[in-house]
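Accompanying notes for the structure given below.
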Amino acid sequence: MEQRGVEEEEQKCKAINNMWEVLGRRWALLILKNLHTKEAIRFNELKRTLSGISSTVLAARLLEMEREGLISKKIYPEIPPKVEYRLTARARELGVILKDLGEWAQRWKFLRIASTQVQ
């Protein structure tokens, strides 16, 4: 029983570390933020909102987040192919955190600007 508890704890730690790794990659939080503002978004529309990201990097980040269960991809059987991305319920929970993080950044940015102004 003791060994089983250790193995379960190791699995939890591995899952948490894996999620941090995905969220810590460049563009990941900005992708989630942009997906959070829409119900569904197509690849090129998302790419336009992320100035400077390459199609290759965007595709890689979307695939990583899909594998982690943060986003879902729906492919429509059309020509040309239509693909939409949306947040899963798991990622929607991150919306509160992203909103708080944005408010924190605004507060600190405002305070920094105010403290550097000449009086």
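Derived scalar couplings between HN and Hα for the range 70-87 equal 8, 10, 10, 10, 10, 9, 8, x, 10, 10, x, x, 10, 10, 10, 10, 8, 6 Hz in order, rounded to whole Hz, by the Karplus curve 6.51 cos²θ - 1.76 cosθ + 1.60 (θ = phi - 60°), x for Gly and Pro.
For the chain, averaging the sequence separation of C-alpha pairs within contact (under 8 Å, six or more residues apart) and dividing by the residue count gives a relative contact order of 22 percent.
Simple spin-label estimate for residue 88 and residue 9 gives 2.7 nm between the two label positions (7 Å along the Cα-to-Cβ direction from each Cα).
Would you mind getting me the FRET efficiency between residue 55 and residue 21? Use the beta-carbon distance for r and R0 = 25 Å, nearest 0.05. Don't skip to the end; give the middle numbers.
On the way: r = 22 Å, r/R0 = 0.89.
It comes to 0.65.
Projecting the Cα positions of 24, 79, 13 onto the charge dipole of the chain (unit charges on Cβ atoms of Lys, Arg, Asp and Glu, taken about the Cα centre) puts 79 furthest along the positive direction. Among 81-91, 11-21, the peptide with the highest mean count of other Cβ atoms within 10 Å heads the list, and the full ranking is 81-91, 11-21.
Between 26, 48, 61, the residue with the greatest mean-square fluctuation in the GNM of the chain (Cα pairs under 10 Å linked by springs) is 48. Spin-label pair residue 78-residue 37: with each label point 7 Å from Cα along the Cα-Cβ axis, the two points sit 2.3 nm from one another.
What is the local net charge at residue 13, summed over the other residues whose Cβ is closer than 14 Å to its Cβ (Lys, Arg +1; Asp, Glu -1)? Within the 14 Å Cβ shell, the charges total -3.
Quick note: the coordinates plus some simple rules give every number you see, no bench work behind them. Note that the structure is a prediction, hence the values are computed from the model and not measured. Cβ coordinates were reconstructed from backbone atoms using ideal geometry, including for glycine residues, and neighbour counts include every protein chain displayed.
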